[in-house]
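Peer 1: Here it is, the structure, as structure tokens.
The values are calculated or read from the model by the stated rules, or taken from the named source; none is laboratory data. Quick caveat: nothing in here was measured; it's all calculated off a predicted structure. Every residue, glycine as well, gets a Cβ built from its backbone with ideal geometry; the counts of neighbours run over all protein chains shown.
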Amino acid sequence: MTSAKRPLRSAAYWLDHVAVWLMLAVAAAVPLTYAVAQFQYEKGTLATTAQTRSYLLAQYIARNPQYWQFEEARLVGFVNDSMLGAQPGERRRVLDAKGQVAVENVPQAPPRPLIEVALTLYDAGRPVGNLVVERSIRPLVLGTALVSAASLAIALLLIWLIKSVLLHALRQSESDLRFRAEHDTLTSLPNREHFRTRVVAAIEQAAQARTAVAVLFIDLDHFKAINDALGHDAGDATLCEVAQRLRSTIRQGDMVARLSGDEFAILLDVTHDAEVAAGVAREVASGVVTQCGRPFSFEGQVHRIGASVGIAVYPSDADTADALLAHADTAMLNAKRAGRGKHLRYAPAMQEAQRARLELEGDLRVAVAEGQFLLHYQPLIDLASGQLLGSEALLRWQHPQRGLVPPIEFITVLEEMGLIAEVGRWVMQRACCVTARWSHEHGRALKVAVNVSPLQFAQGEAFVETVRAVLAETGLPPQQLQLELTEGLLMSQSEQSLALMHQLRALGVSLAIDDFGTGYSSLAYLRSFPVDTLKIDRSFIRDLGPRPEHITLVYAIVQLGHNLGMKVTAEGIETAEQRSQLADLRCDTGQGYFLGRPVPEEVYARLLASGEPLVPAIVAPVVVQAAVLAAASGPVPAAGTGPTLSMPEPVPV
Ligand SMILES: Nc1nc2c(ncn2[C@@H]2O[C@@H]3COP(=O)(O)O[C@H]4[C@@H](O)[C@H](n5cnc6c(=O)[nH]c(N)nc65)O[C@@H]4COP(=O)(O)O[C@H]3[C@H]2O)c(=O)[nH]1
């Protein structure tokens, strides 16, 4: 029981038991007190009456001793009613010395029960008789009965009130508290603790019934970007919508929970063996991936996230609730690393990958703290003239044991650890700083391209401020800095991305779309983005020779870029032939091992200092494989007059 519930429990116990008995005790005490007080009162007034009467009688006897002493019979005549006085419900009698009634105000005794007071009458100090006053206390008994009934009725009413109203309210708030302790306040889904309890129970049942339990661990992809770019309201709304969509993927009896932040889980109780359960889990996971991949909209803005799902099944993958959850988590992380938007079932080998990952994360934290990163610079060449225009700064990690680690092995990890913005700022700062120095030393406006992670871009205004600050700190003219954005940013088609691009352009920096052609860009949207350069992905360049249709594709991209007023850069040029082909296709600039590998800062500085062209200028352009182009896309274009591209509504490039 949580500590919050304890005071309520004791209050409920108090109300339920102590208060009820207290009410009953009060109900009994009130008539009792009434009866005692009334009785004392009656007795008191009776005693007063008797004393008053006996005083009067004593005076009378003193004044008329003859009547009393000698003729008792006469007493009747003289000690009359007025002497005894009249009081309804009361009998007053004078008894003589023999105890015989000498005189009485009424002949019948008042109704029982009675109380009486007897006083001795004296004549000159000698007892001559008794005065007995009797009074009925029937009205007192009736009154007490009435008071008892009334106080019992009031007590019962109060008990009913306590039980039905207060206790109900208390129990209600207790169940509210319990709900809050077991559920997530934002989505109202069960929380991690509640989910775990259900998994424990499900495993116990499955162990007895020899059935299976499947757990799906769900982590949203790119959720942080939504939070950073559109704000927490958009993030919250997205989480609620995800909760709704997840609910729609499960059957009654299954459970969906929010474990934390953007982590959810599903429990499937399957009345079959583990393999059937795994099959069901895969189906549900596939539904989850589809549901989370559908666009979300917030205040008219459409955005996309996704989900990576890990599956673990009892009894084949784990035999305790904690292990099952941990293994589903491990499987989810593997799904994420395998490219997100996927679901994977746990396999023992994943454990080793998990260990390696944790080690990598630890090492990266040290790397960030100790500044183990450095930059390599890859020359950017004008394809026709062979002139060196600048470079692309590429991140490297100088690991103390592993040596130089390429970015592909750690960029995503930095992103997932939330460290990419810090490292990205350092990259930009360093690249701009050395490029400003080289430009100054060689009297040339050298360009430098820096890769920008979508998570840096998702910082919104803060990212623009970072760029502004870096330019100010390093003194690099903004025109010399090119920011390379991923194609995914175009795919998100967000108003926010567009506004941010305009802000960056307003600073004077140029924007390039990196690895163009690998995603599914909407060409219609490409038109509206303020992009300066398209960088054709190296997969198209690699296959220029062996796959003639790639010539057509590359040509189409070059034309598309030019028609939209952009420059086109080819990546991954590895041969002289590729360089010539690209120059012939009117591609503006290029990078690649043939033109220059990424090299350390000092090597690049020497390259600049030598002033030697990296590749000779193309004197006579190689004729593009005319027959291939003709076969693939109609007649060979004359220089600068390629076919114009129409821009269909979104198509994969
Ligand atoms: N096979 C082949 N490869 C060539 C050739 N010419 C260049 N490359 C490689 O292609 C990659 C080009 O960078 P990218 O497309 O921006 O792709 C980059 C970029 O997406 C990312 N990256 C690198 N540095 C940074 C950084 O500072 N920040 C961020 N966010 N990402 C970075 O890591 C990716 C890989 O970088 P690298 O390993 O340095 O790999 C570089 C480069 O070494 C060639 O002729 N043939």
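Peer 1: Looking only at the stretch 410-460, filter to residues that are away from the ligand (no atom under 14 Å from the Cβ) and on the phi > 0 side of the Ramachandran plot; which one of those is surrounded by the fewest Cβ atoms within 10 Å (Cβ to Cβ)?
Peer 2: Across the stretch 410-460, the extreme among qualifying residues is G443.
Peer 1: Considering each of V147, V132, V128 in turn, give the residue that is touching a Lys or Arg at 6+ places or on another chain (Cβ under 9 Å) and at negative phi.
Peer 2: Among V147, V132, V128, only V132 is touching a Lys or Arg at 6+ places or on another chain (Cβ under 9 Å) and at negative phi.
Yes/no matrix, rows are residues, columns are (1) without any contact (Cβ under 8 Å) to a residue 40 or more places away in the chain; (2) among the polar types (S, T, N, Q):
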{"position": "Y555", "(1), (2)": "no, no"}
{"position": "Q559", "(1), (2)": "no, yes"}
{"position": "L564", "(1), (2)": "yes, no"}
{"position": "A570", "(1), (2)": "no, no"}
{"position": "S580", "(1), (2)": "no, yes"}
{"position": "D584", "(1), (2)": "no, no"}
{"position": "C587", "(1), (2)": "no, no"}
{"position": "Q591", "(1), (2)": "no, yes"}
{"position": "P600", "(1), (2)": "no, no"}
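Peer 1: Being under 15 Å from M428 (Cβ atoms), within 36 Å of the chain's Cα centre (by Cα) and assigned to a helix (DSSP H, G or I) is the filter here, so list the residues in the stretch 467-517 that pass it.
Peer 2: Answer for the stretch 467-517, where residues must be under 15 Å from M428 (Cβ atoms), within 36 Å of the chain's Cα centre (by Cα) and assigned to a helix (DSSP H, G or I): V467, R468, A469, V470, L504.
Peer 1: Going residue by residue through the stretch 240-248, is there one that turns out to be in contact with a Ser or Thr (Cβ under 6 Å, 6 or more places away or on another chain) and assigned to a strand (DSSP E or B)?
Peer 2: no
Peer 1: With respect to A356, is the statement that it is more than 10 Å from the ligand (Cβ to nearest atom), out of contact with any Gly (no Cβ under 7 Å at 6 or more places or on another chain) and either modelled with pLDDT of 95 or more or among the small types (G, A, S) (or both) true?
Peer 2: yes
Table: residues versus (1) not assigned by TED's automatic domain parsing to the domain that holds K342; (2) not aliphatic (A, V, I, L, M).
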{"residue": "T187", "(1), (2)": "yes, yes"}
{"residue": "A202", "(1), (2)": "no, no"}
{"residue": "T211", "(1), (2)": "no, yes"}
{"residue": "L216", "(1), (2)": "no, no"}
{"residue": "A229", "(1), (2)": "no, no"}
{"residue": "T238", "(1), (2)": "no, yes"}
{"residue": "I250", "(1), (2)": "no, no"}
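Peer 1: Filtering the stretch 243-264 down to residues that are touching a residue at least 60 places away in the same chain (Cβ under 8 Å) and among the hydrophobic types (A, V, I, L, M, F, W, C), which residue is nearest to V289 (Cα to Cα)? I'd like the intermediate steps shown before the answer.
Peer 2: As a first pass, look at the stretch 243-264 and keep what is touching a residue at least 60 places away in the same chain (Cβ under 8 Å): 255-260, 264.
Checking which are among the hydrophobic types (A, V, I, L, M, F, W, C) leaves us with 255-257, 259, 264.
On the way: M255: 17, V256: 15, A257: 16, L259: 18, F264: 12 Å.
Once the filter is applied, the top-ranked residue is F264.
Peer 1: Being out of contact with any Ser or Thr (no Cβ under 8 Å at 6 or more places or on another chain) and more than 16 Å from L481 (Cβ to Cβ) narrows it down to one residue among L388, L383; which is it?
Peer 2: The match here is L388.
Peer 1: Sticking with this structure for a sec: Take the conditions modelled with pLDDT under 95 and over 36 Å from the mean Cα position of the chain (by Cα) and apply them to G390. Does it pass?
Peer 2: So G390 fails the test.
Peer 1: Which residue is farthest from A257 (Cα to Cα), if the candidates are limited to the stretch 169-209 and must be crowded, with 18+ Cβ neighbours inside 10 Å and small (G, A, S)?
Peer 2: A206
Peer 1: Please state which one of V242, V256 is over 30 Å from G460 (Cβ atoms), outside the structural domain of V413 (by TED's automatic domain parsing), surrounded by 14 or more Cβ atoms within 10 Å (Cβ to Cβ) and in contact with a helix residue (DSSP H, G or I) (Cβ under 9 Å, 6 or more places away or on another chain).
Peer 2: Every option except V256 fails the conditions.
Peer 1: Scan the stretch 399-447 for residues that are assigned to a helix (DSSP H, G or I) and over 30 Å from L333 (Cα atoms) and report the count.
Peer 2: Residues that pass the stated criteria total 14.
Peer 1: Specify which of the listed residues (A421, A393, A384) is in the same structural domain as T486 (by TED's automatic domain parsing), touching a helix residue (DSSP H, G or I) at 6+ places or on another chain (Cβ under 6 Å) and over 21 Å from D514 (Cβ atoms).
Peer 2: Criteria check complete, one pass: A384.
Peer 1: Now for a different question. From the set of residues in the stretch 537-567 that are assigned to a helix (DSSP H, G or I) and within 14 Å of the ligand (Cβ to nearest atom), which is farthest from S580 (Cα to Cα)?
Peer 2: S539
Peer 1: Give me the helices (runs of 4 or more DSSP H) completely within the stretch 50-162, filtered to those with at least 1 residues that are at pLDDT below 90 and within 30 Å of A27 (Cα to Cα), ordered by residue number.
Peer 2: So the answer is 138-160.
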